[in-house]
Amino acid sequence: MTTKVWGTDDLGRSVELITIQHNLFEATVSDLGAVLVSLKVPDKGNRQRDVVLGYDTAVQYFNNYETYFGATVGRNANRIENSQVTIDGKTYLLEANEGQNCLHSGPNGYHTRRWEVKERSASAVTFALFSPRLDQGFPGNLELTVTYKLTDEGLEITYTGLSDADTVFNPTNHSYFNLNGQGSGTITHHRLQLNASSFTPIADEKSIPTGEIRSVKGTPMDFIQPKEIGEAINDPWEQLQLAKGYDHNFAIDGVRGHLNPVARVEGDESGIVMTVLSTLPGVQFYTANFIQDEKGKDGAIYHSREGFCLETQYFPNAMNTSAFESPLLEKDVLTTLKTAYLFKGESHGNV
Ligand code: BGC
């Protein structure tokens with residue numbers, strides 16, 4: 001484990017870059033936003049490649065409200081219609097930052113705060129954050145932690161939340177992956193398999209789900225059998241046109257409360273295979289449709305479809321949609337959520 005000072009926050013406190021390692025895995029994270037800055041994994045030739053997009057400087061992460069590279073998003077990932085939620089009969093107003101709607105909890109996200117380093121070891125770091133009552137508009141004093149842990153298989157991210165009043169707890173990690181290596185061009189030839197037989201269609205270009213949970217069968221959303229991400233991405237199909245590509249929530253098949261398989265993705269050139277597992281019910285599959293000439297790490301300039309996100313979470317706007325499982329965290333109940341991004345080289349065969 002190595003630590004280095006990366007910059008200072010608006011209160012003059014230093015922010016750190018922390019690098020953890022295990023076997024051929026290496027992750028760099030920061031107490032600025034509990035962000036994942038880099039993730040190095042072995043390719044088919046056992047050469048390490050950094051498979052997440054990101055920035056070089058702390059200043060870029062303080063302003064990380066367009067791309068959300070590597071962000072720990074909270075309290076609520078994704079969109080809330082009309083920026084309001086009703087909890088125990090009371091309506092709470094959130095801060096709108098996408099028209100009338102609230103995206104990724106508004107203009108004061110957890111991913112730009114300075115977190116406390118609670119525990120660290122050679123291969124794991126736990127960050128803690130206290131989010132007071134009415135922070136971002138949500139009720140309840142919330143204590144949360146995020147742990148990044150490298151294992152023999154890859155990276156595990158574990159979230160815990162405890163609140164003194166009923167509230168929303170729906171964190172995610174917003175990393176953009178490119179399994180050929182960050183800055184290496186398009187991800188449209190990666191092969192993706194999604195363990196989701198349904199998705200939640202969006203009503204219009206504002207991307208709020210209609211409330212329907214629709215079968216993927218016979219549509220470009222069908223990744224039950226592996227196919228290239230780009231195979232149908234440009235089809236003249238309404239859902240893809242509204243979002244300019246994939247930017248949709250899929251309903252993960254599996255048993256609620258279990259660590260269910262979510263996805264398997266194969267880098268076409270590197271042979272790097274990533275499997276994603278999660279205890280959460282949904283995953284936002286996003287193909288970086290809105291990224292344009294974004295200056296990234298090591299001189300890279302990122303464009304649309306040069307990274308993909310698999311953001312595990314409760315379904316978008318679930319607090320306002322009766323058909324979707326609620327992300328309500330009950331008062332005084334400690335909850336744990338977990339997502340794992342595991343890696344195997346091509347030579348190791350299927351996962
Ligand atoms: C959203 C995209 C958005 C991106 C960056 C994703 O989670 O679904 O629509 O552009 O985050 O904010």
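The values are calculated or read from the model by the stated rules, or taken from the named source; none is laboratory data. Predicted model only: the values in this text are computed from it and were never measured. Cβ coordinates were reconstructed from backbone atoms using ideal geometry, including for glycine residues, and neighbour counts include every protein chain displayed. Heavy atoms of the whole protein, side chains included, go into the accessibility calculation; ligands, DNA and RNA do not. Shrake-Rupley method; radii C 1.70, N 1.55, O 1.52, S 1.80 Å.
Among the protein heavy atoms, those of Met319 account for about 40 Å² of accessible surface (1.4 Å probe, every chain in place).
The magnitude of the dipole of the chain, with charges of +1 and -1 set on the Cβ of Lys/Arg and Asp/Glu and taken from the Cα centre, is near 460 debye.
Which of rounded, prolate, oblate describes the range 235-350, given a ≥ b ≥ c as roots of the alpha-carbon gyration tensor eigenvalues and a/c under 1.5 marking rounded, otherwise prolate only if a/b is larger than b/c? Display every interim value, and only then the final one.
On the way: a/c = 1.85, a/b = 1.30, b/c = 1.42.
Judged from the Cα gyration tensor, the range 235-350 comes out oblate (a/c at least 1.5, b/c at or above a/b).
Using equal-weight Cα scatterers in the Debye expression, the normalised intensity of the range 2-344 in log10 at q = 0.09 Å⁻¹ is -0.43. Probing with 1.4 Å while keeping every protein chain in the model, the per residue accessible area of the range 146-276 equals 36 Å².
Per the helix-only calculation at 222 nm, which mean residue ellipticity applies to the chain, given -39500 (n - 2.57) for every DSSP H run of n ≥ 4 and division by its residues, nearest 500 deg cm²/dmol? For the chain, the value works out to -500 deg cm²/dmol. Taking a Cβ cut-off of under 14 Å around Val333, the surrounding Lys, Arg, Asp and Glu residues balance to a net charge of -4, with basic ones at +1 and acidic ones at -1. Computed in the context of the full set of protein chains, the accessible area of the range 34-133 at 1.4 Å probe radius has 44% of its extent on carbon or sulfur.
Quick one: pull the percent of accessible area on the range 138-293 belonging to carbon and sulfur, 1.4 Å probe, ligands and nucleic acids left out. Each step should come with its number before you reach the end.
On the way: 2540 of 5430 Å².
Reported share for carbon and sulfur atoms: 47 percent.
A Gaussian network model of the chain, with springs between Cα atoms under 10 Å, assigns the largest mean-square fluctuation among Val59, Val51, Val265 to Val59.
Taking a 1.4 Å probe, which of Ser184, Ser207 shows the most accessible area, and what order do the others take after it? Display every interim value, and only then the final one.
Numbers: Ser184 60, Ser207 10 Å².
Result of the area sort, largest leading: Ser184, Ser207.
Using C-alpha pairs below 8 Å separated by at least 6 residues, the relative contact order for the range 2-344 is 18 percent. Within the listed set Leu179, Leu32, Leu328, the residue fluctuating most in the Gaussian network model of the chain (springs between alpha-carbon atoms under 10 angstrom) is Leu328.
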